[in-house]
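Undergrad: Dropping a structure here in structure tokens format, bear with me for questions.
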Amino acid sequence: MIEKTIKTITGKISVKIPSVVNEITLGQLIEMQDKPELNDLEAISILSGIELDQLQNIKNFDDLQQFGETVLLLSAQIAWLYNSDDIPKKITFNLTEGAHTVNVMQNLSVEPAGAFMAAREIIGDEITQHIEKYGPDDWQQNFKPSLKACCQVLAHYFYCRATGKKYNEYEAEEFCAEIKN
């Protein structure tokens, strides 16, 4: 994380953003993906959790220079990860009852059937939306699922392992909040 205290027209604010990609939450990535024409100030707002109107009141734009450079580096790291096939061996969830590390399953056929059915529906809906938007020609070559859909699929598959509870479709959907973090 990089942090800097910056003067605004009303006082000072402390701006803190991730400096490496593994400090970014999936929720932040989803929020950035939802804004295709994202500028540096909007990216800093999402990564820092500081409202855009507060950042717009910074006295000297040059104070944000180091954050702009970091955003550029992060975007390169994100692009590399997005095109990578690397799968982590373990994931740690910071749940209300404490941190819980789970092994990432390599064989999805041993997961609850409900998770499989929900994931199939989520992916099917995503494909349908893609075809409606871009047409049926070569959709398989151009299809990239949204991070929101990926988050939903991960929530269904990790719900049981992370919580120790039996599969419940509605609770798995709510588990998306944990996945985003």
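Undergrad: Any chance you could count how many residues in the range 141-181 are at pLDDT below 90 and either at positive phi or touching a Ser or Thr at 6+ places or on another chain (Cβ under 8 Å) (or both)?
TA: Count: 3.
Undergrad: While we're looking at this one, here's another question. Filter the range 86-115 for residues that are surrounded by fewer than 11 Cβ atoms within 10 Å (Cβ to Cβ), more than 17 Å from the chain's Cα centre (by Cα) and assigned to a loop (DSSP other than H, G, I, E, B); which is modelled with the highest pLDDT?
TA: LYS89
Undergrad: Any residue at all in the range 125-145 that is closer than 27 Å to ASN94 by Cβ and of a type outside the set (Val, Ile, Thr)? Before the answer, list the steps.
TA: The initial filter retains those residues of the range 125-145 that are closer than 27 Å to ASN94 by Cβ, namely 145.
Okay, now just the ones that are also of a type outside the set (Val, Ile, Thr), so 145.
The answer is yes, given that some residue of the range 125-145 is closer than 27 Å to ASN94 by Cβ and of a type outside the set (Val, Ile, Thr).
Undergrad: Would you pick out the residues in the range 116-133 that are touching a Leu at 6+ places or on another chain (Cβ under 9 Å) and either assigned to a loop (DSSP other than H, G, I, E, B) or closer than 14 Å to CYS150 by Cβ (or both)?
TA: So the first thing to find is which residues in the range 116-133 are touching a Leu at 6+ places or on another chain (Cβ under 9 Å), and the list is 116, 119.
Answer for the range 116-133, where residues must be touching a Leu at 6+ places or on another chain (Cβ under 9 Å) and either assigned to a loop (DSSP other than H, G, I, E, B) or closer than 14 Å to CYS150 by Cβ (or both): just ALA119.
Undergrad: Looking only at helices (runs of 4 or more DSSP H) that fall completely inside the range 1-69, which ones have 1 or more residues that are surrounded by fewer than 18 Cβ atoms within 10 Å (Cβ to Cβ) and in contact with a strand residue (DSSP E or B) (Cβ under 8 Å, 6 or more places away or on another chain)? Before the answer, list the steps.
TA: On the way: elements: 26-33, 40-48, 52-55.
Hits in the range 1-69: 52-55.
Undergrad: Here's something else I'd like to know. Among the residues of the range 1-49, which ones are farther than 24 Å from LYS144 by Cα, free of Cβ contacts under 8 Å to residues at least 12 places away in the same chain and touching a Lys or Arg at 6+ places or on another chain (Cβ under 7 Å)?
TA: Once the filter is applied, which keeps residues that are farther than 24 Å from LYS144 by Cα, free of Cβ contacts under 8 Å to residues at least 12 places away in the same chain and touching a Lys or Arg at 6+ places or on another chain (Cβ under 7 Å), the range 1-49 yields only THR5.
The values are calculated or read from the model by the stated rules, or taken from the named source; none is laboratory data. Keep in mind it's a predicted model, so treat the numbers as computed, not measured. Positions of Cβ are backbone-derived with ideal geometry, glycine not excepted, and every protein chain shown enters the neighbour counts.
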